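Okay, so here's the structure we're looking at.
Bear in mind these aren't lab numbers, they're just calculated from the coordinates by the rules spelled out. In this text, all values refer to a predicted model and were calculated from it rather than measured experimentally. Cβ placement follows ideal geometry from the backbone for every residue including glycine, while neighbour counts extend to all protein chains displayed.
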Amino acid sequence: MKNNKLIAEFMGLSIKAGVCYYTDENNEFPMGIRSNDNLPYDTSWDWLMPVVEKIDNLFGEDDIVDDMINKVHNAVLQFNRDITYNAVVEFINQLNK
């Protein structure tokens with residue numbers, strides 16, 4: 001799924017030949033391997049919330065970014081994974097522009 005790959009790249013996963021490689025914070029030791037087709041950001045709160053946390057850590061850097069982050073916060077407050085997922089994808093797309 002294209003948007004899951006976008007999120008994986010935002011999260012710093014190493015993506016090569018259709019496979020994501022998880023490493024430690026120093027990018028030294030492989031922590032796991034997962035197919036790009038099997039990244040559950042769109043189906044799992046356990047995968048999605050660390051993305052929200054990383055987005056939240058960007059708060060305070062720029063007023064425009066803060067407004068985008070508030071949209072993600074509002075999505076989380078709706079307790080709907082699909083809405084939150086879409087807000088995260090929109091945030092990353094806007095950030096990449």
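Of note:
- Amide proton proximity set for Thr43, modelled H, under 5 Å, gap of 5+: none
- Between Asn93 and Asp46, the FRET efficiency from the beta-carbon distance, with R0 = 22 Å, is close to 0.45.
- Each Lys or Arg adds one and each Asp or Glu subtracts one; over the other residues with Cβ under 14 Å from the Cβ of Leu48, this totals -4.
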